[in-house]
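Student: Before anything else, here's the structure in question.
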Amino acid sequence: MDRKTGAPIRKILCIRLRRLGDLITTTPAFRALRTAYPAARIDVVVNEGFEPALRGNPDVDHVIVLRAGFTPWLRFVVAARRMRYDLAVDFQGSPRSFWCVCGAGAARTAGWRKGRLRDWKYDVTADYPDPRAGIALAAALGAPDVDARPILHTTADDRDWARRCVDGPPGPVVALSVVARDARKSWPAEKFIGLARRLLAERGVRLILTYGPGERQQAAVLACHLDRCTVAGFESPAQAAALYARCDLWIGNDGGPKHMATAAACPLVMVVGSYWPSRAEHGDDREAWVRPVSPGPGYDVARVEIDPVFAAATRLLDQRARSRTVS
């Protein structure tokens, strides 16, 4: 039931087209909408190639894949208008997602308040950006507060693949994600190499270099400088989550794999520039975000030194070891 108009909410269209990490972090908002409207049909429209992130998601009834070009958009508009959505929620906040909202013709709309002309289209708005991402927009629609941890559904095949990747001698397993789609967010390879060598020498860990589709070369550059490591390429976010769930620690750049590790509840160290906030998410101490000691211009992730990253990794590995001893 729409809390403002009193009209029933039977069909909801959510729009989150691109950026894999942002799509993954929006999954708690889908959970919030499902909690608020348990009988409603919830459809999510994404750009082609992003649909695997929602495979098996219990809060999504149908994933609509939007291909590039005007004709696919027109087909989407025709199909959406036939569905007669009661609510369209623009979690993207981009020009293309705005035109999806306009084309869908939903009875009510919601989106981010950005101080732009397109704000007028939304009946319900929330401030952008918000630390809790899509949950804030869902809350503006009357949805209850939910756990902000992302959701990735893994299958038995995903878990079997992950087990084969991790099987080996006893000892802590550390996943390194050295890849980055945006080069500005990438910690330099020589620092990853220095960190990896310290972890091998001083902590006796087993290292797994992970990468996604099209990223093998980035991981291979590091692998050839290390004597002891495993290289594992995942084919989907669910595979990555299954792998990280079996690791004791994840270390890497700001990007999609970080959110996959969060979804897997894997302790993690993320190396970021000073543009990121200093606090970690989710109200626990299993995430460490290591930033430059002093703020620098632009994407200054390269200014992060090895010592604080190693210290954060050591703290989380010790914490993991203690928790296993207690259990």
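The values are calculated or read from the model by the stated rules, or taken from the named source; none is laboratory data. Because the structure is predicted, anything quoted here is derived from the model rather than measured. No Cβ is skipped: glycine too gets one built from the backbone with ideal geometry, and neighbour counts run over all protein chains shown.
Student: Which residue, of Ala280, Ala261, Ala265, Ala288, is of a type in the set (Gly, Ala, Ser) and at pLDDT 95 or above? Quick ask: steps written out before the conclusion?
Tutor: Numbers: Ala280 fails: at pLDDT 95 or above; Ala265 fails: at pLDDT 95 or above; Ala288 fails: at pLDDT 95 or above.
Going through Ala280, Ala261, Ala265, Ala288 in turn, the sole match is Ala261.
Student: Give region 36-73 a look and list any residue that's assigned to a helix (DSSP H, G or I) and more than 21 Å from the chain's Cα centre (by Cα), or say none.
Tutor: Listed by number, the residues that qualify are Ala36, Phe70, Thr71, Pro72, Trp73.
Student: Looking only at region 211-225, which residues are more than 18 Å from Glu190 (Cα to Cα) and either surrounded by fewer than 17 Cβ atoms within 10 Å (Cβ to Cβ) or not assigned by TED's automatic domain parsing to the domain that holds Val174 (or both)?
Tutor: Those that are more than 18 Å from Glu190 (Cα to Cα) and either surrounded by fewer than 17 Cβ atoms within 10 Å (Cβ to Cβ) or not assigned by TED's automatic domain parsing to the domain that holds Val174 (or both): Pro213, Gly214.
Student: May I pose another question? Among the candidates Leu137, Leu195, Leu226, Leu209, single out the residue that is of a type outside the set (Ser, Thr, Tyr), farther than 29 Å from Ala106 by Cα and in contact with a Phe, Trp or Tyr (Cβ under 8 Å, 6 or more places away or on another chain).
Tutor: Values: Leu137 fails: farther than 29 Å from Ala106 by Cα; Leu226 fails: in contact with a Phe, Trp or Tyr (Cβ under 8 Å, 6 or more places away or on another chain); Leu209 fails: in contact with a Phe, Trp or Tyr (Cβ under 8 Å, 6 or more places away or on another chain).
Exactly one of Leu137, Leu195, Leu226, Leu209 is of a type outside the set (Ser, Thr, Tyr), farther than 29 Å from Ala106 by Cα and in contact with a Phe, Trp or Tyr (Cβ under 8 Å, 6 or more places away or on another chain), namely Leu195.
Student: Here's a follow-up. Residue under question is Val179, and the condition is that it be assigned to a loop (DSSP other than H, G, I, E, B), of a type outside the set (Ser, Thr, Tyr) and in contact with a strand residue (DSSP E or B) (Cβ under 7 Å, 6 or more places away or on another chain); does it hold?
Tutor: Values: assigned to a loop (DSSP other than H, G, I, E, B): yes; of a type outside the set (Ser, Thr, Tyr): yes; in contact with a strand residue (DSSP E or B) (Cβ under 7 Å, 6 or more places away or on another chain): yes.
Yes; evaluated as a whole, the condition is true for this residue.
Student: What is the residue count in region 126-167 for residues that are surrounded by fewer than 18 Cβ atoms within 10 Å (Cβ to Cβ), of a type outside the set (Gly, Ala, Ser) and more than 26 Å from Cys247 (Cα to Cα)?
Tutor: Residues flagged as surrounded by fewer than 18 Cβ atoms within 10 Å (Cβ to Cβ), of a type outside the set (Gly, Ala, Ser) and more than 26 Å from Cys247 (Cα to Cα) within region 126-167 amount to 7.
Student: Given the criteria touching a residue at least 40 places away in the same chain (Cβ under 8 Å), assigned by TED's automatic domain parsing to the domain that holds Leu317 and farther than 27 Å from Ala53 by Cα, does Ile251 qualify?
Tutor: No: the conditions fail for Ile251.
Student: When the residues of region 133-171 are filtered to those that are part of a loop (DSSP other than H, G, I, E, B) and free of Cβ contacts under 8 Å to residues at least 24 places away in the same chain, which remaining residue is farthest from the chain's Cα centre (by Cα)?
Tutor: Step by step, filter region 133-171, then rank; the result is Pro170.
Student: Here is a further query. Of the conditions (1) outside any loop (DSSP other than H, G, I, E, B); (2) buried (at least 18 other Cβ atoms within 10 Å of the Cβ); (3) out of contact with any Cys (no Cβ under 9 Å at 6 or more places or on another chain), Phe76 clears all except one; give me its number.
Tutor: The number of the failed condition is (3).
Student: Hey, could you check region 292-325 for residues that are assigned to a loop (DSSP other than H, G, I, E, B) and modelled with pLDDT of 90 or more and say which is farthest from Asp254 (Cα to Cα)?
Tutor: Glu305
Student: Is there any pair with a first residue in region 86-105 that is in the same structural domain as Trp73 (by TED's automatic domain parsing) and a second that is basic (Lys, Arg) whose Cβ atoms are under 6 Å apart and which are 6 or more apart or on different chains, and what are they?
Tutor: Asp86/Arg10; Asp86/Lys11; Leu87/Arg108; Phe91/Arg16; Gln92/Arg16; Phe98/Arg118; Gly105/Arg81
Student: Out of (1) touching a Lys or Arg at 6+ places or on another chain (Cβ under 7 Å); (2) part of a helix (DSSP H, G or I), what's the single condition that is false for Met270?
Tutor: (2)
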